[in-house]
Structure formats: C-alpha cells, structure tokens
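Asks: Just passing along the structure, written as structure tokens.
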Amino acid sequence: MSFTYRQGDADDLAAVYQLNCDSFPESWSLEGLKDALESGYELLICMDRESLAGYLLSHDVLDEVHIMQVAVAPAYRRKGIAKQLSQHLLDTKQGSVLLLEVRESNRPAQSLYAKLGFAHSGIRKAYYVAEDENGARENAVLMSCQNS
C-alpha cells in the first residue's frame, strides 16, 4: 500500500460521504458535507492509489480547531492512518487549541489521541445516538490539546 495525504475538495465528497455512512451511525448528509466545505471546513484525505483510505474533517473557530470527524475504511484500519491524519493537523495548526469528542466506548481512539497529547476535558452526557435501535444514547468524552 502506498498512502498519499492531501487536502480534499468537492471532487472527493462522494467517496467521503460513503465512508462517512459506513463509519458513523450519525453520518452527515452529502449536502451537509458539501455545505461544510463551502463554509470553510478543512478536509484532509488519505488515498491508497485511487481508493479513499481515510479522512479528517476539521473546522477552525478563532484559535480553536475542532476535529469533527476522523474515519478510516475498514480495509485500512490499524495501519496508522488516523494517527497520520491527526498528526498532520497538529503540525499545521501550531498555536491552536485542538478539540474533539469521541464515543466513551471508543477506547482505541481515546488512546490514540492521548498519545498525540490530548487530555480528557469533560463528558457530554447522551451525546451520540445509540449504535442500535435498542441501545441507549452514548456519552461523548471531550478531549483537548494545547498545540504550541
């Protein structure tokens, strides 16, 4: 596998949308992703030749950078893609506070972000929709990193 990382644009949205739907029960609509890009959100993507391996969607608000989504296609998981996408954001957003929320049950993501310098900063109760129709809403763990 030969991964390349680049800024994403409107031409990438169909593949990003599909991966978004495959990765999150609370997926965004294609129109929502398009609106996000048009309003200044940044999309960083990882490609394996012509296939989308993963992406990171972020939004700058003054001196804060909000990581909105990180998704990696199942065939490419556990290969360091989420780490590389996140590290790229850290490298390019010096002087910012980076913020994110992650499902309380997603221990691998919490561990990854802790290794990158993020610390737990709070909990949002019942933030995420249930993974299945019988489940309860899940808490979000808030994490932040002062990137200086």
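The values are calculated or read from the model by the stated rules, or taken from the named source; none is laboratory data. Remember, it's a predicted structure, so these values are computed and weren't measured experimentally. Backbone-built Cβ (ideal geometry, glycine too); neighbour counts: all protein chains shown.
Asks: Mind checking whether some residue in segment 133-140 is in contact with a Lys or Arg (Cβ under 6 Å, 6 or more places away or on another chain) and among the charged types (D, E, K, R)? Full working, then the answer.
Replies: First pass over segment 133-140, keeping only residues in contact with a Lys or Arg (Cβ under 6 Å, 6 or more places away or on another chain): 138-140.
Remaining after also requiring among the charged types (D, E, K, R): 138.
Checked against the condition, which is being in contact with a Lys or Arg (Cβ under 6 Å, 6 or more places away or on another chain) and among the charged types (D, E, K, R), segment 133-140 yields at least one hit.
Asks: Now a separate question. Starting from segment 108-119, keep only residues that are closer than 16 Å to A71 by Cβ and touching a residue at least 24 places away in the same chain (Cβ under 8 Å), then list their pairs with residues that are of a type in the set (S, T, Y) and not in a strand (DSSP E or B) whose Cβ atoms are within a distance under 8 Å, requiring at least 6 positions of separation or different chains.
Replies: Close Cβ pairs (under 8 Å, with a partner that is of a type in the set (S, T, Y) and not in a strand (DSSP E or B)) amount to L112/S86; Y113/S86.
Asks: S58 passes all but one of (1) more than 21 Å from V141 (Cβ to Cβ); (2) in contact with a Lys or Arg (Cβ under 9 Å, 6 or more places away or on another chain); (3) of a type in the set (G, A, S); (4) surrounded by 13 or more Cβ atoms within 10 Å (Cβ to Cβ); which number fails?
Replies: (1)
Asks: Considering only segment 1-75, give the strands (runs of 3 or more DSSP E) lying wholly within it that have at least 1 residues that are of a type in the set (S, T, Y).
Replies: In segment 1-75, the matching strands (runs of 3 or more DSSP E) lie at 3-7, 51-61.
Asks: Okay, next question. Can you tell me which residue in segment 107-148 is nearest to G95 (Cα to Cα), limited to those that are of a type in the set (A, V, I, L, M, F, W, C) and part of a helix (DSSP H, G or I)?
Replies: Among residues in segment 107-148 that are of a type in the set (A, V, I, L, M, F, W, C) and part of a helix (DSSP H, G or I), the one nearest to G95 (Cα to Cα) is A114.
Here is a yes/no grid of residues against (1) under 12 Å from the mean Cα position of the chain (by Cα); (2) of a type in the set (D, E); (3) at pLDDT 95 or above:
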| residue | (1), (2), (3) |
| --- | --- |
| L52 | no, no, yes |
| M68 | yes, no, yes |
| V72 | yes, no, yes |
| R78 | no, no, no |
| I81 | yes, no, yes |
| L85 | yes, no, yes |
| L100 | yes, no, yes |
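Asks: For segment 108-129, give me each residue that is hydroxyl-bearing (S, T, Y) and modelled with pLDDT of 95 or more.
Replies: If the condition is that a residue be hydroxyl-bearing (S, T, Y) and modelled with pLDDT of 95 or more, then S111, Y113, S121 are the ones that fit.
Asks: Another question about this same structure. Among residues belonging to segment 18-35 that are surrounded by 14 or more Cβ atoms within 10 Å (Cβ to Cβ) and of a type in the set (G, A, S), point out the one that is modelled with the lowest pLDDT.
Replies: Top of the filtered list is S27.
Residues are listed down the side, and each one gets a yes or a no for (1) under 30 Å from A10 (Cβ atoms); (2) not charged (D, E, K, R):
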| position | (1), (2) |
| --- | --- |
| S51 | yes, yes |
| V70 | yes, yes |
| K79 | yes, no |
| S105 | no, yes |
| P108 | no, yes |
| L112 | yes, yes |
| G135 | no, yes |
| N139 | no, yes |
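Asks: Separate question: Taking segment 90-106 as the search range and keeping residues that are of a type in the set (G, A, S) and assigned to a loop (DSSP other than H, G, I, E, B), which one is surrounded by the most Cβ atoms within 10 Å (Cβ to Cβ)?
Replies: Filtering segment 90-106 for residues that are of a type in the set (G, A, S) and assigned to a loop (DSSP other than H, G, I, E, B), the one surrounded by the most Cβ atoms within 10 Å (Cβ to Cβ) comes out as S105.
Asks: Separate question: Restricting attention to segment 1-17, report how many residues are free of Cβ contacts under 8 Å to residues at least 24 places away in the same chain and surrounded by 11 or more Cβ atoms within 10 Å (Cβ to Cβ).
Replies: 2
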